[in-house]
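K.L.:
My questions will all concern the structure given below.
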Amino acid sequence: HLPDPPLKQPKVKKVKKEQPWMVQQTYKQALTGLYAGKHIQHGNQISEFGNKSRCTWKPNVQKVKLYSEALNERIPIKITPLALKIMDRKGGLDKYLLSMRDKDL
């Protein structure tokens, strides 16, 4: 009589750690207004002759006063045009803030 073959162990999936350069951090200025996920972007500006110089592009931030129905007053706030566009679709500042995830607030 032959002995039973050894049982195979189930494979353990390795969890990949996200590298710091793979995660887009929220920069501090975005904590003071509604930026709708916009970040500072980095890249090269390439001249006509092919010379590359490192550049940064900041989001288009506007200072506006938005009306809040809950507070019944106008609130001065820094906001990007994308956030304004989304806010118009949602139906106002209060509905926009209620629809956001807690992590994004």
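K.L.:
Can you figure out the FRET efficiency of Lys95 with Ile46, using R₀ = 25 Å and their beta-carbon distance, to the nearest 0.05?
P.N.:
In this case the efficiency is close to 0.05.
K.L.:
Could you state the accessible area per residue of the chain in Å², with a 1.4 Å probe and every protein chain left in place?
P.N.:
95 Å²
K.L.:
Between Ile77 and Lys16, what length comes free when the chain is fully extended (0.36 nm per residue of separation minus the Cα-Cα distance, one decimal in nm)?
P.N.:
Values: separation 61, 0.36 × 61 = 21.96 nm, distance 3.87 nm.
The Ile77-Lys16 span can extend by a further 18.1 nm.
K.L.:
Next question, about the same structure. How much mean residue ellipticity at 222 nm does the chain get from its helices, if each DSSP H run of length 4 or more adds -39500 (n - 2.57) and you divide by all residues, to the nearest 500 deg cm²/dmol?
P.N.:
-4500 deg cm²/dmol
K.L.:
Okay, next question. Would you mind telling me the share, in percent, of accessible area of the chain contributed by carbon and sulfur at probe 1.4 angstrom?
P.N.:
Working: 5370 of 9980 Å².
Of the solvent-accessible surface of the chain, carbon and sulfur hold 54 percent.
K.L.:
Among Lys65/Lys90; Lys58/Lys85; Lys16/Lys85; Lys14/Lys58, which pairs are too far apart, with a Cα-Cα distance over 28 Å?
P.N.:
Exceeds cut-off: Lys16/Lys85; Lys14/Lys58.
K.L.:
Sticking with this one: List the trypsin sites (Lys or Arg not before Pro) within the stretch 21-105 that DSSP assigns to loop and that have no more than 14 neighbouring Cβ atoms inside 10 Å.
P.N.:
Here the sparse-neighbourhood loop sites are Arg101, Lys103.
K.L.:
Separate question: For the Cα atoms of the chain, what angle does the longest principal axis make with the long axis of helix 81-90, in degrees from 0 to 90, nearest 10?
P.N.:
Result, in degrees: 90.
K.L.:
For the chain, calculate the relative contact order in percent as a whole number, restricting contacts to Cα pairs under 8 Å that are 6 or more residues apart.
P.N.:
Answer for the chain is 19 percent.
K.L.:
Considering the Cα trace of the chain, what is its radius of gyration and what is Dmax, both in angstroms?
P.N.:
24.3, 87
The values are calculated or read from the model by the stated rules, or taken from the named source; none is laboratory data. For clarity, every value in this text was computed on a predicted model and none was experimentally measured. Note that each Cβ is placed from the backbone with ideal geometry, even for glycine, and that neighbours are counted across all protein chains shown. Surface areas here come from the heavy atoms of the whole protein model, side chains and all, with no ligands, DNA or RNA. Shrake-Rupley method; radii C 1.70, N 1.55, O 1.52, S 1.80 Å.
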